[in-house]
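Reviewing the structure listed below.
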Amino acid sequence: MKALRFDTLGNLDALRLEECPIPACQEGHARVRVHAAGLNPSDVKNVLGRFPYTTLPRTPGRDFAGVVEDGPDVWLGRAVWGTGRDLGFDRDGSHAQYLTLPVSALAEKPANLSFNQAASCGVPWTTAWDALERSQVRAGTRLVILGANGAVGRAALALAHARNADVIAAVRNPDQAKHLRENGDKTLLLETPDKLATQIGAHFVGGADVIFDTTGFWLEASVAGLAPFGRIAIIAAPTDGHVRLPSLNLYRRGGSVIGINSLLYSSSECARLLEEIGARFQDGQLPLPDDLTEIPFSDALQAYRAVDSGASGKFIFLMDS
């Protein structure tokens, strides 16, 4: 089989496309023929050595969709999708034509999602689900999503609508704001941090119940935009990992900051999240993923470099090409 491999950290030059043996299927595991695999920024950062728990040598990749070819009879021939912290870090990941994982990590792919669409969902959708769950977004919750144009932001927006939250999509680009408005979303065109609270107040008198910062750059400014007992969910931080937090303002509002990290969840735990999300795709509550950049697996190395250079969009590897 073809697989991406790396045995040193710190440079994408270490990543190579190789011919490897098809992995054996151990007891309690299943072998999946991967039809499509998603590329996330964390996959690139993994090869660059940003995660201390990666063991080498390794095949990277977290998100996948494919068909079970070996394992328990009840799973044989079934289409599945998945993701999780172990994939690509301490066990070989999805950027290969075959993948083995525990049976508990299998989740049936929604029939109305193609393999390519399903492979785009893992990290973004489980991250968004976790953020909304842990920040208690429910019907009527006044929610602002900062960076609603990104993969996680778009997933959070769809999930928030499915929960009947009162949601504002906040972006910096006027064209993106226009596109969101044309899709029926209420939008906020981000200006400067000192104006954020006023902008939020123009939509939500008294502030937002929840602000989900998908960018890592608005935490300090978000505190002033909170309603009493409001929550800020964050999934990223500046490169040095530090921000100023106006703690006096935060505690006077009874506010809280919630860190959202998809790497806290194993592939088995993510399978349960994907079952919840998949049921909502299946019954039409969620829009099908679009705007995917589908590329042959033979071009995977170029895609890694593109993401490292700041390319936007969601790359999907077509594993049979």
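The values are calculated or read from the model by the stated rules, or taken from the named source; none is laboratory data. What you are looking at is a predicted structure, and each value in this text was computed from that prediction instead of being measured. Here Cβ is always computed from backbone atoms with ideal geometry, including for glycine, and neighbour counts include all displayed protein chains. Just the protein is used for accessible areas: all its heavy atoms, side chains included, with ligands, DNA and RNA removed. Shrake-Rupley method; radii C 1.70, N 1.55, O 1.52, S 1.80 Å.
Those residues that are over 17 Å from the mean Cα position of the chain (by Cα) and in a loop (DSSP other than H, G, I, E, B), I need them from the range 276-321; list them, please.
ASP283, GLY284, GLN285, SER309, MET319, ASP320, SER321
Just one of PRO296, PRO228, PRO238, PRO246 is touching a helix residue (DSSP H, G or I) at 6+ places or on another chain (Cβ under 8 Å) and not aliphatic (A, V, I, L, M); which is it?
Checking each option against the conditions leaves just PRO246.
Given the criteria aromatic (Phe, Trp, Tyr) and under 18 Å from SER120 (Cα atoms), does PHE281 qualify?
Judged against the criteria, PHE281 is a match.
Can you go through VAL144, VAL152 and tell me which one is among the β-branched types (Val, Ile, Thr), part of a helix (DSSP H, G or I) and either open to solvent by 10 Å² or more (accessible area, probe 1.4 Å) or under 20 Å from LYS195 (Cα atoms) (or both)?
Unique residue meeting the criteria: VAL152.
Only one of ASP13, ASP43 is without any contact (Cβ under 8 Å) to a residue 12 or more places away in the chain and either outside any loop (DSSP other than H, G, I, E, B) or closer than 25 Å to GLY313 by Cβ (or both). Can you tell me which?
The conditions single out ASP13.
Output the residues belonging to the range 45-65 that are at positive phi and open to solvent by less than 30 Å² (accessible area, probe 1.4 Å).
If the condition is that a residue be at positive phi and open to solvent by less than 30 Å² (accessible area, probe 1.4 Å), then GLY61 is the only one that fits.
Take the range 94-116 and flag every residue that is open to solvent by 40 Å² or more (accessible area, probe 1.4 Å), touching a strand residue (DSSP E or B) at 6+ places or on another chain (Cβ under 9 Å) and of a type in the set (S, T, N, Q).
Selection gives SER114 alone.
Filter the range 246-278 for residues that are in contact (Cβ under 8 Å) with a residue 60 or more places away in the chain and open to solvent by 50 Å² or more (accessible area, probe 1.4 Å); which is nearest to ARG163 (Cα to Cα)?
GLU276
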